[in-house]
Amino acid sequence: MDKVIKLILGLLTAFLKAKPTIPTSEAVVPPQEAAERLSEVHGLGLIKEFEGLRLKAYLCSAKVWTIGYGHTKGVKQGDTCTQAEADAFLVEDVKWVLTAVERCVQVPLTPGQRAAINSFVFNCGATALRTSTLLRKLNAEDYKGAADEFPRWNKAGGKVIKGLVRRRTAERKVFLS
């Protein structure tokens, strides 16, 4: 498992540092590596899209000080970071997500399912996944039932949050893809 996590973190780091390029016929990626990249980059894309990048600390909808792409550990009012620091926080934060998903999920996942679950855990936390009906249904191989649980996780502080409704809708769509 450590080798897999190191490989994924290496890919994440490369993705974050990569400059956009125009594809050419010489740029051929082996199928296994392409599948791994698609799975993890897609999850990273969901995380980055919904967390957004903020270089100055702010109170999120759950009233937690946050910076970068949803980084909360040790963040306090007035903190700032650079783009590079936000990217480094994201790579570090994704480590625990990958570990939590690996420990909790006992069934095979498609790249889309893994991406959606990674985004969900990044946002809601490992305890939320571990104690959820979503995980119970997923581990029972009720993939449709698990997908139907995403929309239930749309609240912060007891209130429905439009951004969480959008995020859960996107995660469900990716999960079913």
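Values for this structure:
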| quantity | calculated |
| --- | --- |
| Shape category assigned to segment 124-177 from the gyration tensor of Cα positions, a/c cut at 1.5 | oblate |
| Segment 73-82 - phi-based ³J(HN,Hα) in whole Hz, Karplus 6.51/-1.76/1.60, Gly and Pro as x | 4, x, 7, 9, 3, x, 5, 9, 8, 8 |
| Cα-projected label distance for R130 with K76, points at 7 Å along beta-carbon direction, nm | 2.8 |
| For A156, distant residues with modelled amide H under 5 Å away | I161 |
| Point-to-point label distance, A84-Y58, nm (Cα→Cβ direction, 7 Å offset) | 2.5 |
| Relative contact order [Cα under 8 Å, 6+ residues apart], segment 52-155, whole percent | 17 |
| Under-5 Å amide H pairs with D79, H placed in peptide plane, nonlocal only | A57 |
| R0 of 45 Å, Cβ-Cβ distance E141-R166: FRET efficiency to nearest 0.05 | 0.95 |
| Per-peptide average of other Cβ atoms within 10 Å, ordering 112-118, 53-59 highest first | 112-118, 53-59 |
| Whether segment 36-177 is rounded, prolate or oblate, judged on the alpha carbon gyration tensor where a/c under 1.5 counts as rounded | prolate |
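Since every read-out is calculated from the coordinates, none of them should be taken as a lab result. Since the structure is predicted, the reported quantities are computational estimates derived from the model, not experimental observations. Don't worry about glycine lacking a Cβ; one is built from the backbone with ideal geometry, like all the others, and counts go over all protein chains shown.
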